[in-house]
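Here is the structure we will look at.
Just so it is clear, none of the values below were taken in a lab; they were calculated from the coordinates. This structure is a prediction, so every number in the text was calculated from the model and none was measured. All Cβ positions, even for glycine, are placed from backbone atoms using ideal geometry, and neighbour counts span all protein chains on display.
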Amino acid sequence: MLDYTTITVLTGALLLGLTAGSLGTFAVLRRQSLLGDALAHAALPGVVLAFIVTGSRSLGVLLAGALATSLLGALLLDRVVRRSRLKTDPSLGLVLSSFFAVGVVLLSYAQRQGGAGQAGLESFLFGQAAALLRSDLWITGGLTLFALGSLLLFWKEWKVATFDPAFAASIGLPVAWLEAALTALVAVAVVLGLQLVGIVLMASMLIAPAVAARQWVRTLESMTILAAAFGATAGVVGTYVSAQADGLATGPLIVLAMSAITAVSLLAAPHRGLLWRSLQRRIGRRDATPDRVLTAMQRLARDHHNPTYPSDLGMLEAGLGARCHRALAELEASGLVERTVHPPESTTHYRLTQAGAEHAGLEAS
């Protein structure tokens with residue numbers, strides 16, 4: 001049986017996975033993989049400032065401060081990208097490092113005042129899932145409902161703006177506002193994860209589920225749903241393992257579970273996985289049919305503008321597999337190719353015969 005604390009943390013991790021996975025899909029497709037990392041680091045000064053100003057250790061107060069500085073970081077990022085010559089990646093790095101440096105300075109100041117230890121501000125760097133309370137789930141649930149509800153409400157607009165912003169602008173959609181709103185939702189997802197996985201690891205919860213889902217599906221709808229499922233699964237698995245192994249931090253275990261899902265997806269997903277592609281290449285090489293060999297020779301002849309271009313046997317075997325000599329023997333028996341020499345090389349070459357050139361539609365030189 002799971003205890004009260006474990007159920008609370010598990011519920012929070014489940015909500016985080018759903019939100020981060022869904023919104024991370026758009027960050028990946030918009031090629032803003034560092035966005036989550038930048039917004040997470042921008043949240044640190046907000047957490048510390050909220051504590052310094054209010055003196056409260058309430059999660060709602062601290063997350064409000066984190067959300068405020070994350071949104072400020074997003075606004076600053078947008079202005080730097082639009083009004084300077086810097087591209088998105090260096091701008092993200094600039095915002096990330098600057099805000100995090102301010103946060104560390106403020107954290108040092110708060111520690112000198114003697115209150116940071118009691119407030120547990122440092123736990124936001126790496127997360128402290130065990131400190132999550134049942135009352136905090138109302139905040140987490142409310143933010144999750146707001147983020148996912150907004151995603152559903154403006155799904156068509158964000159879909160168009162993500163894949164074709166020029167077309168979206170041409171039909172009158174406010175692309176700049178849509179992008180800003182989507183960035184704000186990503187900031188909400190980041191804030192949700194600060195207590196569970198921390199500032200340092202939060203970027204993984206945004207990016208990894210989307211990357212894993214992309215290997216299995218081809219549509220945005222399927223990718224978003226699967227990314228949310230992967231994120232939720234990682235949250236549940238990481239929390240359960242942490243509960244069974246005393247002393248192991250929950251946040252890193254959640255990230256490790258997500259990393260394992262991503263690794264399996266990158267390796268084994270049909271059509272896109274590394275193992276699948278390797279297997280397809282091996283099958284393709286073993287299946288060096290006469291048609292494939294003839295097609296390869298035709299392409300070489302066209303590329304060299306020579307219908308009787310001599311193709312080296314070793315080159316054909318390297319590209320089509322060692323068994324292509326059997327296909328060449330069949331083509332030779334059919335009168336479509338013939339052996340030839342290509343001085344000063346002494347290796348075996350094959351070229352198209354007149355019949356082979358006519359079969360390929362190549363004109364004689």
At each listed q (0.07, 0.11 Å⁻¹), what is the log10 of I(q)/I(0) that the Debye formula gives for the chain modelled as equal alpha-carbon point scatterers? -0.47, -0.77
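If contacts are Cα pairs under 8 angstrom and at least 6 residues apart, what is the relative contact order of the chain in percent?
Working: 563 pairs, mean separation 74.9, N = 365.
Relative contact order here is 21 percent.
Hey, what's the Cα Rg ratio for segment 1-85 versus the globular rule of thumb, 2.2 N^0.38 Å?
1.35
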For 220-230, 33-43, 148-158, ranked highest to lowest by mean beta-carbon neighbours within 10 Å, the order is 33-43, 220-230, 148-158
Return P(r) of segment 287-360 (all Cα-Cα pairs; 10 Å bins starting at 0; whole %; ordered from short to long distances). 22, 60, 18, 0
Of all trypsin sites (Lys or Arg not before Pro) in segment 69-151, which ones are in loop regions per DSSP and have a Cβ with at most 10 other Cβ atoms within 10 Å? Arg85, Lys87
Local electrostatic count, Arg57, Cβ distance below 15 Å [Lys/Arg +1, Asp/Glu -1]: -2
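Taking the highest mean first, how do the peptides 266-272, 341-347 order by number of other beta carbon atoms within 10 angstrom per residue? Kindly include the intermediate steps, with their values, before the conclusion.
Numbers: 266-272: 13.6, 341-347: 9.1.
Listed from highest to lowest mean packing, they are 266-272, 341-347.
Counting Lys and Arg as +1 and Asp and Glu as -1, what is the net charge of the other residues whose Cβ lies under 14 Å from the Cβ of Thr6?
Values: positive: Arg134; negative: Asp3, Asp246.
Combined, the nearby Lys, Arg, Asp and Glu give -1.
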Please report, ordered by residue number, every helix of the chain (full DSSP H runs) that is 24 Å or longer along its axis going by C-alpha atoms and whose mean Kyte-Doolittle hydropathy reaches 0.5. 4-29, 35-54, 59-83, 88-112, 134-153, 175-193, 198-214, 220-244, 250-268
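Between Arg339 and Arg83, what is the FRET efficiency for a Förster distance of 51 Å, r being their Cβ-Cβ separation, to the nearest 0.05?
Values: r = 67 Å, r/R0 = 1.31.
FRET efficiency, Arg339 to Arg83: 0.15.
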Quick one: which residues, 5 or more positions from Thr348 or on another chain, have an amide H under 5 Å from its amide H? H modelled 1.01 Å from N in the peptide plane, none for Pro or chain starts. Leu313
